[in-house]
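S.K.: One structure coming up, written as structure tokens, with questions to follow.
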Amino acid sequence: MLDLQDGATGADAAMAIGPGLARAALAITVNGEQRDLDRPLDDGAEIGIITERSDEALELLRHDTAHVLAAAILDLYPGTKIAIGPPIEHGFYYDFQFPEGVVLNDGDFAAIEAKMQEHVKADEHFEREDVSVETALERFRAEEQPYKVELIEDLVKNAPADAPVETVSLYTNGPFTDLCRGPHGPGTKRIGAFKLQSIAGAYWRGDSDRQQLVRIYGTAFFKKKELTAHLERLELARQRDHRKLGRELGLYHFSEAAPGSAFWTPSGTRIFNELVALSREMGDDRGYTEVKTPQLFDASLWKTSGHWDKYRDDMFLTSTGDAGTAADEHRGVEANMAFKPMNCPGHYELFRQTRWSWRDMPVRFSEPGLLHRNELSGALHGLMRVRQFCQDDAHLFVMEDQIQDEVTGCLEFAKATYDLFGFDAADFTYELSTRPENRLGSDEMWDRAEGDLRTALENNDLPYVVHEGDGAFYGPKIDIQFRDSLGRSWQLGTVQIDYQAPERFDLVYTGADNSDHRPVVLHRALLGSYERFIGILLEHTGGELPFWLQPAHVALLTVSDRHADAAHAIAKELKQAGLRVVVDGRTETVGRKIRETELSKVPLMAVIGDQEAEGHTLTLRHHGGREEPASPVADVAATLGAAVQDRTALGTPEPAAD
Ligand SMILES: [Zn+2]
Ligand SMILES: [Zn+2]
């Protein structure tokens, strides 16, 4: 509890706590709301000090920087109309309408940054004024800033009747004044490092009928080294873009011939099939049975599932019509079929066709089914957002008292799967989403289901966070988030309890009491879609996939034509051990073959010359250059074959005995 004089400000409060804090302070929170340091405090308010270390600090700093950018733009391009300039994730932007004839490109950034730097060096104070609407309108009309005028007029117009807008706040730093809600840091000098990054077009208010503006993006940090690290991360992300890597490694491509659907090359297909095989094999060990359900379903199924009403726009519809041609739609024939966007309803339909007893439960159906979703073309993004994909999807039909064990099993399955990719357990976050406001079923049911999920997490020793109220209306769920090597978060797995589907599809099993009971459905995916997972994995590893997943494990490079037979004989032996081998028998120099193999990221290569051909040995060279001692082909085949079979990483070799 601080005792402060009347009219004391946030800065006074920080000073009362300590001079160190006063220096570190950027702004304060008053009853949870952010305020400038120099605004007077209310009595009895609960305050917090925002410093560089606070979560909100960067957002505040970037908002400050957006104002500095606008100031610099007005210095350099008088007559520019300014629109809005908010902080965004990882940075900020400001929208401008430049005077007639001014065309900006990123070559102008250096001059703008230099001008911004002057404003930063001058340590301009951010001065807040609360002025009447009339004063503010007069001011911006006089300055010929029509966007600011429109913003104020709209504020007034859209205010609720019981809380009319009579004043607005302005912030001034140096020569520049902006309409702004605030808050801001104390002065521009706190902007330790900033950078302008790109230019884009943006319509005023996002409305394509209105003026097209120029949006300048930038970012800012407190420290130069933080900015440098951020820019390096961006550069790494650019180099590791899976669309670029997919092309370089020859894995897949996209074409206007099928927007939003990947064309997988033989190498890419290998990777894809390896992942499907992994899910199949691990599922087999855990009592899953694979099924195949149709691609195209009658509308009646989608009406039962609720998709026809709620999800129709996202599905690809078609019609059998009378003639059953695509032209039917144009002739006004109504769609009566749809491609599946998910496997669930097909599995329910399949489950219904058997008379299940409690002894059969749980029933675990898995299906790497082909799915289609009608994503907008603007939303498509490489493998991350596609129209056609395939998930490691499964549905478990369980009795109420089996939920806990089955979810425990799903989480074990997830962990065992992730381990094979060499992911670090610390990079996973397990999120438990609990009952929402609007929900199906009784409180007892939710208590039990949420309790089961908690216990399943604890059974697997998994720390988790709880998202209260974020569950679906039909049941709680666990989502599994993965943080990649570039610090980005991706949802990989999910386990969802569903009490609604069994009702809608009238799913039953015969209980020990000989009467019908409803099962509970668990929706479960661990990798998510294989497409997206491959994209994530490529960006996470920069294309250096786990050894077992590589489209080719070993490349054999011949020294000359006369070594071709020996190379093929060795390749055959390695293939018999389960390895994927490529032979480079071109009449190129060995040096060139080595360089090209390096670029293709094949994890191991070996040169086949006289010595290897005669001695039937291999000297393996790892991607990156490390060499192993020469070994008999049979030994190499056994060691590497086991690594692929067990899906283990390649061990570091034993140091050579002297
Ligand atoms: Zn502002
Ligand atoms: Zn499902």
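S.K.: Taking L462, is it outside any strand (DSSP E or B) and buried (at least 16 other Cβ atoms within 10 Å of the Cβ)?
M.R.: When the stated conditions are applied, L462 passes them.
S.K.: Could you list all residues from region 354-367 that are more than 27 Å from F389 (Cβ to Cβ) and either at pLDDT below 95 or under 39 Å from the mean Cα position of the chain (by Cα) (or both)?
M.R.: Hits for region 354-367 are D360, M361.
S.K.: Turning to a different aspect of this structure: Filter region 165-202 for residues that are closer than 24 Å to D154 by Cβ and of a type in the set (S, T, N, Q); which is farthest from ligand 1 (Cβ to nearest atom)?
M.R.: Result: T167.
S.K.: Next question, about the same structure. Which residue, of T304, T293, is closer than 24 Å to L522 by Cα, at pLDDT 95 or above, of a type in the set (V, I, T) and within 33 Å of the chain's Cα centre (by Cα)?
M.R.: Checking each option against the conditions leaves just T293.
S.K.: If Q491 satisfies every condition in (1) in a strand (DSSP E or B); (2) closer than 30 Å to R373 by Cβ; (3) of a type outside the set (K, R); (4) in contact (Cβ under 8 Å) with a residue 40 or more places away in the chain but one, which is the exception?
M.R.: (4)
S.K.: Among the residues in region 107-117, are any assigned by TED's automatic domain parsing to the domain that holds Y171 and within 16 Å of ligand 1 (Cβ to nearest atom)?
M.R.: Yes: one or more hits.
S.K.: Of the residues E281, E232, E274, only one is modelled with pLDDT under 95 and either in the same structural domain as L26 (by TED's automatic domain parsing) or acidic (D, E) (or both); which?
M.R.: The unique qualifying residue is E232.
S.K.: Is there any pair with a first residue in region 494-522 that is farther than 18 Å from R439 by Cβ and a second that is polar (S, T, N, Q) whose Cβ atoms are under 8 Å apart and which are 6 or more apart or on different chains, and what are they?
M.R.: These pairs meet every condition: F505/T304; F505/S305; Y509/S357; T510/S357; D516/T510; H517/T510.
S.K.: Hey, any hits in region 558-577 for a residue that's surrounded by 17 or more Cβ atoms within 10 Å (Cβ to Cβ) and assigned to a strand (DSSP E or B)?
M.R.: Yes, that holds for at least one residue.
S.K.: Are any residues in region 378-398 under 18 Å from S366 (Cα atoms) and not small (G, A, S), and if so, which ones?
M.R.: Matches in region 378-398: F389, C390, Q391, D392, D393, H395, L396, F397, V398.
S.K.: Further question: Given the conditions (1) of a type in the set (D, E, K, R); (2) within 16 Å of ligand 1 (Cβ to nearest atom); (3) over 19 Å from Y77 (Cα atoms), which single one is not true for D209?
M.R.: Just one mismatch for D209, condition (2).
S.K.: Of the residues D55, D75, which single one is in contact (Cβ under 8 Å) with a residue 40 or more places away in the chain and charged (D, E, K, R)?
M.R.: D75
S.K.: Now a separate question. Can you confirm whether R621 is within 17 Å of G268 (Cβ to Cβ), in contact (Cβ under 8 Å) with a residue 12 or more places away in the chain and of a type outside the set (A, V, I, L, M)?
M.R.: no
The values are calculated or read from the model by the stated rules, or taken from the named source; none is laboratory data. Quick caveat: nothing in here was measured; it's all calculated off a predicted structure. Quick reminder, even Gly has a Cβ in these numbers, built from the backbone with ideal geometry, and neighbours come from all protein chains shown.
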